[in-house]
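The values are calculated or read from the model by the stated rules, or taken from the named source; none is laboratory data. What you are looking at is a predicted structure, and each value in this text was computed from that prediction instead of being measured. Quick reminder, even Gly has a Cβ in these numbers, built from the backbone with ideal geometry, and neighbours come from all protein chains shown.
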Amino acid sequence: DQQVKQNSPSLSVQEGRISILNCDYTNSMFDYFLWYKKYPAEGPTFLISISSIKDKNEDGRFTVFLNKSAKHLSLHIVPSQPGDSAVYFCAASGDDMRFGAGTRLTVKP
Amino acid sequence: KAGVTQTPRYLIKTRGQQVTLSCSPISGHRSVSWYQQTPGQGLQFLFEYFSETQRNKGNFPGRFSGRQFSNSRSEMNVSTLELGDSALYLCASRLGALLSTDTQYFGPGTRLTVL
């Protein structure tokens, strides 16, 4: 069962603009949410996380927003850079960790 | 500090065979988790080990098994391989047992192809 969903398999944005990646979850028991970035031939690397007691966490160009009532989180990248081009996975943690299918972000120069 | 290492990086097997994948966590990390990544499915949780004990198991058939040794190294075994087992298998380690607060560090993965 897909408890974590990323409905957009791909996203393309212009350099300097904002990238918004979305993620929905179904299990209200998840209490910690994470975003990972993955380059080809490498394992995912941790990007940013948010606890369920918060609704926003910011780290440099990356901000994660959590809307618990909608069971929705999003990752904002501002400004987007070509080096941000990668596959982004959202993950939700409770008794175990569930990942979305990923969104391939392409940032065009 | 060395990262998570996985061996082999690439593997080709035929249906019905079995395979063993190895993962060495970051030094000092005691928890190892395994994931299967296939196109369109994202990362699916296989199992997690902490101090040689399996703590969690995902929704995979019994053909998938694992173990963890006293030095925290972990192995994953898949028996009676099927074509659908072709995937990237990722291992991740973290320091402690608390899943929600520790950062996981992933290895580069083992690409398994079943012919």
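Of everything in the range B:46-65, what is surrounded by 13 or more Cβ atoms within 10 Å (Cβ to Cβ) and either closer than 18 Å to residue B:95 by Cα or away from chain A (no Cβ under 14 Å) (or both)? Give them in sequence order. So that I can check it myself, show each step before the final result.
Keep residues of the range B:46-65 that are surrounded by 13 or more Cβ atoms within 10 Å (Cβ to Cβ), which gives B:46-50, B:52, B:54-58, B:60, B:63-65.
Answer for the range B:46-65, where residues must be surrounded by 13 or more Cβ atoms within 10 Å (Cβ to Cβ) and either closer than 18 Å to residue B:95 by Cα or away from chain A (no Cβ under 14 Å) (or both): B:47, B:48, B:49, B:50, B:52, B:54, B:55, B:56, B:63, B:64, B:65.
Cβ contacts < 6 Å: first residue free of Cβ contacts under 8 Å to residues at least 24 places away in the same chain, restricted to the range A:36-62; second residue not in a strand (DSSP E or B), any location; separation 6+ or different chain. Result?
From the range A:36-62, the pairs are A:42/B:108; A:43/B:107; A:43/B:108; A:43/B:109; A:46/B:103; A:52/A:31; A:61/A:78.
Restricting to the range B:86-112, and then to whatever is at negative phi, buried (at least 22 other Cβ atoms within 10 Å of the Cβ) and not in a strand (DSSP E or B), can you tell me which residue is modelled with the highest pLDDT?
The extreme case among them is B:107.
Quick one: in the range A:42-84, of everything that is of a type outside the set (A, V, I, L, M, F, W, C) and within 10 Å of the chain's Cα centre (by Cα), which residue is nearest to residue B:105 (Cα to Cα)?
So the residue we want is A:49.
Condition first: touching an Asp or Glu at 6+ places or on another chain (Cβ under 8 Å) and surrounded by fewer than 16 Cβ atoms within 10 Å (Cβ to Cβ). Now tell me which residues in the range A:75-95 satisfy that.
A:79, A:81, A:82
Please work out which one of (1) touching a residue at least 60 places away in the same chain (Cβ under 8 Å); (2) within 14 Å of chain A (Cβ to nearest Cβ); (3) under 28 Å from residue A:7 (Cβ atoms) is the condition residue B:83 fails and give its number.
(2)
Consider only pairs whose beta carbons are under 9 Å apart and that are at least six residues apart or on different chains; among these, list those whose first residue lies in the range A:1-14 and is under 23 Å from residue A:30 (Cα atoms) and facing another protein chain (nearest Cβ under 10 Å) and whose second residue is assigned to a loop (DSSP other than H, G, I, E, B) and of a type in the set (Phe, Trp, Tyr).
Listed by first residue and then by second, the contacts come to A:4/A:30.
Output yes when any residue across the range B:66-79 is among the β-branched types (Val, Ile, Thr), under 15 Å from residue B:110 (Cα atoms) and assigned to a strand (DSSP E or B), and no when none is.
yes
Checking residue A:85 against (1) touching a Leu at 6+ places or on another chain (Cβ under 9 Å); (2) of a type in the set (S, T, N, Q); (3) away from every other protein chain (no Cβ under 14 Å); (4) farther than 30 Å from residue B:7 by Cα, only one condition comes out false. Which one?
Against the list (1) touching a Leu at 6+ places or on another chain (Cβ under 9 Å); (2) of a type in the set (S, T, N, Q); (3) away from every other protein chain (no Cβ under 14 Å); (4) farther than 30 Å from residue B:7 by Cα, residue A:85 comes up short only on (4).
Return the residue satisfying two criteria in turn: it lies in the range A:10-41 and is more than 12 Å from the chain's Cα centre (by Cα) and closer than 30 Å to residue B:9 by Cα, and of such residues it is surrounded by the most Cβ atoms within 10 Å (Cβ to Cβ).
Here the residue is A:11.
Across the range A:37-73, what is the number of residues that are among the basic types (Lys, Arg) and under 21 Å from residue A:106 (Cα atoms)?
3
When residue B:90 is evaluated against the numbered criteria (1) closer than 16 Å to residue A:91 by Cβ; (2) more than 10 Å from every other protein chain (Cβ to nearest Cβ), which criterion, by number, is the only one it fails?
It fails just one condition, (2).
Residues in the range A:30-53: is at least one among the polar types (S, T, N, Q), at pLDDT 95 or above and out of contact with any Asp or Glu (no Cβ under 8 Å at 6 or more places or on another chain)? Quick ask: steps written out before the conclusion?
Filtering the range A:30-53 for residues among the polar types (S, T, N, Q) gives A:45, A:49, A:51-52.
Okay, now just the ones that are also at pLDDT 95 or above, so none.
Within the range A:30-53 (the criterion being among the polar types (S, T, N, Q), at pLDDT 95 or above and out of contact with any Asp or Glu (no Cβ under 8 Å at 6 or more places or on another chain)), the answer is no, since none of the residues qualifies.
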